[in-house]
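So the structure is just underneath, and the comments pick up after that.
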Amino acid sequence: MTAKPLVAVTGASSGIGEATARAFSATGHPVLLMARRIERLEALRLPNSVCRKVDVRDRAMLAAAVRDAEARFGPVDMMFANAGIARLGDVGKQDPADWDEMIAINVNGVMNSVHAVMSGMMDRRHGTLVMMSSIAGRKVYPDHTVYCGTKYFVHGVSESLREYLSAYDVRVIVISPGIIETEVLDGVKDPVTRASYDANKAAIGGGIGAEHVADLILDAYNLPQKALVQEICITPTRQKY
């Protein structure tokens, strides 16, 4: 066991997930790193870490990873349900398989992450769920139709969970970033959509670093358990919408 409690992060192999795992590890937390690309997790070489190859669509796989880490480091005190994909494109022309994948990962994967730790947090009357949404969960954008839907889901379910879990002193924090320097848009298949996104990003001078989001998550987590930052919305200063 370590002095600080265990933190779990899905989608920890890059971007905001990786940055958050690094930030918490640097302050002495043991970390459970989960992603499909386990080699990238292991390459981080974080102390007091457990790396597991996990597809968040697989509820049993995710729960098993949590059990393994908890056997070594004690209960998960924070779950960052971060894993997600953005298959942006013209909804009238898009392959519905892209919709299915986004819904399975961004919706079902988030709920599987919550399910793996929620009952334990309720029993202990302590814990924090950090839910990865997006500014696209607060407003709609061209070619983001289903992606926006998945992120609006995160906002909606988080509001309900926050109310439900408040009686158990469990916190629910929503993260709503704008344009961040991550790999999340690498999965965009539509060249017109990607070109438009890249042009907008260039026009505002690029995105901001994932480490800034990670630092905000760490700060919000470190508040007393009775204090809750309900949502963090961070964008580049020049991002107008």
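Observations on the structure shown:
- The mean sequence distance of close C-alpha pairs (under 8 Å, at least 6 residues apart), as a share of the length of the stretch 107-220, puts its relative contact order at 26 percent.
- Cross-link reach is defined here as a Cα-Cα straight distance under 17 Å, omitting same-chain residues fewer than 8 places apart; for LYS189 the lysines meeting it are LYS93.
- Our coupling estimate for the stretch 78-87, obtained by passing each phi through the Karplus curve with A = 6.51, B = -1.76, C = 1.60 and θ = phi - 60°, is 9, 10, 9, 7, 9, 4, x, 9, 10, 9 Hz, Gly and Pro reported as x.
- Considering only LEU218, VAL9, VAL184, the residue lying farthest towards the positive end of the dipole of the chain is LEU218, judged by Cα position with unit charges set on Cβ.
- Accessible area (Å², 1.4 Å probe, nearest 10) - THR128: 0 Å²
- Computed from backbone phi, the HN-Hα couplings of the stretch 123-133 come to 4, 7, 6, 6, x, 9, 9, 10, 10, 7, 10 Hz, rounded to whole numbers (Karplus: 6.51 cos²θ - 1.76 cosθ + 1.60, θ = phi - 60°; Gly and Pro given as x).
- Here the contact order of the stretch 1-140, divided by its residue count and restricted to Cα pairs under 8 Å and six or more residues apart, works out to 26 percent.
- Positive-end residue, the stretch 98-143 charge dipole about Cα centroid, Cβ charges, pick of SER134, SER119, GLY109: SER119
- For the stretch 87-219, size of Cβ-based charge dipole, Lys and Arg +1, Asp and Glu -1, in debye: 320 debye
- Per-residue extension of 0.36 nm, minus the Cα-Cα distance of ALA3 and SER166, leaves a gain of 56.1 nm for this segment.
- Sorted largest first, the spans of the alpha carbon positions of the stretch 18-120 along the three principal axes are 48, 29, 20 Å.
- Relative contact order of the chain, defined on C-alpha pairs under 8 angstrom at six or more residues apart (%): 20 percent
- Potential lengthening of the chain between ILE38 and MET61 amounts to 6.9 nm, from the contour at 0.36 nm per residue minus the alpha-carbon distance.
- Other-chain or far-sequence residues with amide H under 5 Å of LEU6's (modelled H): ASP77
- HN-Hα J in Hz across the stretch 152-162 - Karplus 6.51, -1.76, 1.60, θ = phi - 60°, x for Gly and Pro: 4, 4, 4, 4, x, 5, 5, 4, 5, 4, 4
- Alpha-carbon centroid distance for the pair the stretch 105-122 / the stretch 53-98, whole angstrom: 9 Å
- Cα gyration tensor shape of the stretch 144-208, rounded if a/c is under 1.5, else prolate or oblate by comparing a/b with b/c: prolate
- The lysines whose alpha-carbon is closer than 20 Å to the alpha-carbon of LYS139, local same-chain residues fewer than 8 away aside, are LYS151, LYS201, LYS240.
- For the stretch 94-164, the Cβ-based charge dipole about the Cα centre amounts to some 460 debye (Lys, Arg positive; Asp, Glu negative; other atoms uncharged).
- Additional length obtainable on full extension of the chain from ARG238 to GLU183, 0.36 nm per residue less Cα span: 17.7 nm
- Alpha-carbon spread of the chain, three principal axes, descending order, Å: 51, 37, 33
- Protection proxy ranking for 160-168, 3-11, 48-56, using the average of other Cβ atoms within 10 Å per residue and placing the highest first: 3-11, 48-56, 160-168.
The values are calculated or read from the model by the stated rules, or taken from the named source; none is laboratory data. Note that the coordinates shown come from a computational prediction; the quantities given were computed from them, not determined experimentally. As a convention, Cβ positions derive from the backbone with ideal geometry for all residues, glycine included, and neighbour counts pool all protein chains shown. Quick note on the areas: whole protein, heavy atoms, side chains included, nothing else; ligands and nucleic acids left out. Shrake-Rupley method; radii C 1.70, N 1.55, O 1.52, S 1.80 Å.
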